[in-house]
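Q: What follows is a structure written as C-alpha cells; I'll ask about it next.
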C-alpha cells in the first residue's frame, strides 16, 4: 500500500514538475503568429536575435536567457479614414492632398499588407521590437498617396478607372519602399473621395451646364432625326407608290398576255373549226357531186335504154301512145260504121304502131 502511495506521489510530482518546466522554460506561439527569439546571454549560444522565424507551437524559453517577440503573420489592414469612429486611429485620419488643379481633396485609403514570410527576425533585428513596423507602413503609405494622388486633377478623382490606375501606382511605389523593411503590400484601395465645398459647387454648376449642353445636343439630334424620319417616310411612300404602280403595270401586262393567249387560243380554235367545217363541206360537196354524177349516170343510162327501146317496135308503140294521149276525143268526129272504137289493135296501127302478130293480138 505504501508503495502505491509513493508511486502516485512521484507521478503527481513528475507531472507538476513537467508542467512547471513547460510553463517556465517554453513559450507557446498561437496560430496566425510568428515568434522571434533573442538570446540575451551568450553562454548557451550566439548572443542576439536568432536568425529564424518560429511558427505556431511550443518553443524553448529559458527565462533571462531568452526573450521572445511575437508578430502577426496574417494579412493586416491599415485604414485611414475621415470617419472618427473607424480606422486604425480615433479621429479624422484621412489622406488630404492638393489636386493638380489646386483644390483640396480628401480620400479614404485602405492598405492590405503583411510581414514577409521568413523575414520576421530581420524586421526585429533592423526595426526593433513591438509595433514600430506599423508606424513605418503608415508613414510610407501617406507619402506614396501624396505623391501619386497629388498628380491627379480634381475631375480625374471622379473617374473610377483613373482611381484604380492611381491605386495600382501607389501599390507599386509603396511595395518598393516597404520591401526594404520586410513588408509585403497586398493591395491598395481608394474608397470614399470628398472634395472642397467650393469645388463641389463649381462642379455642380459645371455639371448642370454640361447637362444643359447635352440636353441641347439631344434636342438638336432629335430634330435631325425627325428630319431624317420625314425623309425616310417620304422615300418609303415613294417606294410604296412605285411598288403599287409596278404591281398595276405587271397586272396589266399579265392581263394583256392572258388576253393575247386567249385570243390566240380562240383563233386557233376558230381556225381548227373552220378547217373542219371546210373539210366537212368539201366532203359534202364531194358526196353531192358524186350523187349528182350517179344521178346523171342513171339518167343517161335510162335515156340510153329508152333510146334503144325507141329504135324498134317499142319506139313506134311509144309514139303511138304519145299520139293517143294527144287526142282530144271531144273534138274528133268518128264514123262508127267505118271505125270500131273497141278495136284497139287497129287503132294502134292507125296511130303508127306496127301491126300486131296473131298471138300478140289475142293477148
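Where a number appears in this text, it was derived from the coordinates with a stated rule and is not lab data. The structure displayed is predicted, hence computed values, not measured ones. Cβ sites come from the backbone with ideal geometry, for glycine too, and all protein chains shown count toward neighbours.
Q: Determine, for 122, 260, the number of other Cβ atoms within 10 Å of each Cβ, and report the residues in order from fewest to most.
A: Final ranking by Cβ density, sparse to dense: 260, 122.
Q: Determine, from the Cβ-Cβ distance of residue 284 and residue 252 and an R0 of 45 Å, the FRET efficiency 1/(1 + (r/R0)^6), rounded to the nearest 0.05.
A: It comes to 0.45.
Q: Taking 2.2 N^0.38 Å as the expected size of a compact globular protein, what ratio does the Cα radius of gyration of region 76-195 give against it, to two decimals?
A: 1.09
Q: Let me ask something else. Starting from the Cα-Cα distance between residue 261 and residue 180, subtract it from 0.36 nm times their residue separation and give me the gain in nm to one decimal.
A: Once the chain is fully extended between residue 261 and residue 180, it gains 18.8 nm.
Q: Report the extension gain between residue 125 and residue 159 in nm, rounded to one decimal, defined as 0.36 nm multiplied by the number of residues separating them, less their alpha carbon distance.
A: 7.9 nm
Q: Classify region 134-223 as rounded, prolate or oblate from the Cα gyration tensor: take a ≥ b ≥ c as the square roots of its eigenvalues, call it rounded if a/c is under 1.5, otherwise prolate when a/b beats b/c and oblate if not.
A: Prolate.
Q: Taking a cut-off of 17 Å, what percent of all Cα-Cα pairs in region 209-316 are separated by more than that?
A: Percent of Cα pairs beyond 17 Å in region 209-316: 81.
Q: Sticking with this one: Cα-Cα pairs above 17 Å in region 149-274: how many percent?
A: More than 17 Å apart: 80 percent of the Cα pairs in region 149-274.
Q: Measure out, as a whole number of angstrom, how far apart the alpha-carbon centroids of region 124-188 and region 278-305 sit.
A: Comparing the Cα centres of region 124-188 and region 278-305, I get a distance of 137 Å.
Q: What percentages make up the Cα-Cα pair-distance distribution of region 17-149 when the bins are 5 Å wide from 0?
A: Distribution as computed: 2, 9, 15, 16, 14, 11, 9, 8, 6, 4, 2, 1, 1, 0, 0 percent.
Q: State the extension gain, in nm to one decimal, for the chain segment bounded by residue 25 and residue 92, taking 0.36 nm per residue of separation less the distance between their alpha-carbons.
A: Separation in residues times 0.36 nm, less the Cα-Cα distance, equals 19.6 nm.
Q: At 7 Å along the Cα-to-beta-carbon direction for both residue 52 and residue 218, put a label point, then send me their distance in nm to one decimal.
A: If labels sit at residue 52 and residue 218, their model points lie 7.1 nm apart.
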